[in-house]
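The values are calculated or read from the model by the stated rules, or taken from the named source; none is laboratory data. The shown structure was predicted, so the numbers you read here are calculated from the model rather than taken from an experiment. Using ideal geometry, Cβ is built from the backbone for each residue, glycine included, and neighbour counts are taken over all protein chains shown.
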């Protein structure tokens, strides 16, 4: 029962007791209505004033029963009032305590920082997909909107470590930085990346210059809602007026399936523009990812660069024929490390660089994967269970089919002796562990470029 309802019932009960007392004194003792009400009030309040006139035996019996009834009524009314006041004072704290307990049980969930129009739309989509998520918001009006939806949320500043920890960032798999300010999103990305290096982060940016900074701060991709909406509006009006030209400007066909294609240094697509690639593949290039920024329906005259990724739709062309395209398969690279956090981090970074990473958690598993898959390169930790990184390099170099695989040893030991041992064992390069995670990726890219 709600607090307001309890108070209303208590007041009605109190009025009912007053009416019963007044009617009893009028009927039993023959008091006037005003005298009966007076006797009822002094009996209820137990002030001890004198009676209007001496009570009869029946009047005393009624008064005794009425006193007990009134005490019970007053106790109930007092309890309802006090309980309601305390509940209103503590409900917020109890709600947040219960919410944090639910959030602490979540694993591989998503954190949404900011609950504006984009956040509300994303939350609705998450719910339809049956995905667990937590909203982080600081504005009271938005908090009230979230409360009405019964969604999990944390009230606080998303740029603070403590708030993100309360949202379960250590066990989350993704984060949406949808704050209204670009500087706030930049600081949020920096904080989130530090707390969880393997987190997949998508951030919002209003300005192009801010988007580049947010990407360098650690976001996996940056979106510009106005640029995306503008291109979609332009696409719709061109469609409506029949002025589309070229495959890029066509609407997505029913049954089409999107696929990301990496533009690598040796790709045939390098140097061509998007319109040329669209006509050659007989697909529809509907997205371009460059330097972490996603562009919807890019300009057909945009030339492709190494490191770009294009989103191509392939499917039925409307006549039942299957639309297909030629593409370069991502190059395989084996990552061997017994630290799951490091393994996930480099898997994500190499995927982002356009490779097909194959993870392994110990030396034996890593060796078997290298021999079986024959990747273009392998990044191997120095200290591994079962077989050390040095032993893996030695055994790989004894396999004829793996002569072309580049071996990069990853170590925390910067002593020259360690480097010399690794090179003698067959490693092509030795990278000392540092906070700059991109050094390993750059080393691999440089080695493959020189090859």
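The table for this structure:
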read-out	value
Residue that is assigned by TED's automatic domain parsing to the domain that holds residue 80, over 29 Å from residue 83 (Cα atoms) and either out of contact with any strand residue (DSSP E or B) (no Cβ under 8 Å at 6 or more places or on another chain) or loosely packed, with under 12 Cβ neighbours inside 10 Å (or both), where the choices are 16, 44, 11, 33	33
Residue among 186, 179 that is touching a helix residue (DSSP H, G or I) at 6+ places or on another chain (Cβ under 7 Å), assigned to a loop (DSSP other than H, G, I, E, B) and buried (at least 20 other Cβ atoms within 10 Å of the Cβ)	179
Set 63, 120: member being at pLDDT 80 or above and assigned by TED's automatic domain parsing to the domain that holds residue 204	120
Residue in segment 384-402 that is under 30 Å from residue 217 (Cβ atoms) and out of contact with any helix residue (DSSP H, G or I) (no Cβ under 9 Å at 6 or more places or on another chain) present	no
Qualifying residue in segment 155-164 (condition: part of a helix (DSSP H, G or I), out of contact with any helix residue (DSSP H, G or I) (no Cβ under 8 Å at 6 or more places or on another chain) and in contact (Cβ under 8 Å) with a residue 24 or more places away in the chain)	yes
Where residue 82 falls short, out of the listed (1) at pLDDT 85 or above; (2) surrounded by fewer than 13 Cβ atoms within 10 Å (Cβ to Cβ)	(1)
Residue match in segment 378-392 (condition: assigned by TED's automatic domain parsing to the domain that holds residue 340 and touching a residue at least 60 places away in the same chain (Cβ under 8 Å))	yes
Candidates 199, 195, 190, filtered to the one that is under 20 Å from residue 164 (Cβ atoms) and over 15 Å from the mean Cα position of the chain (by Cα)	190
Segments classed as helices (runs of 4 or more DSSP H), wholly inside segment 353-451, with at least 3 members that are at pLDDT below 90 and out of contact with any strand residue (DSSP E or B) (no Cβ under 8 Å at 6 or more places or on another chain)	438-450
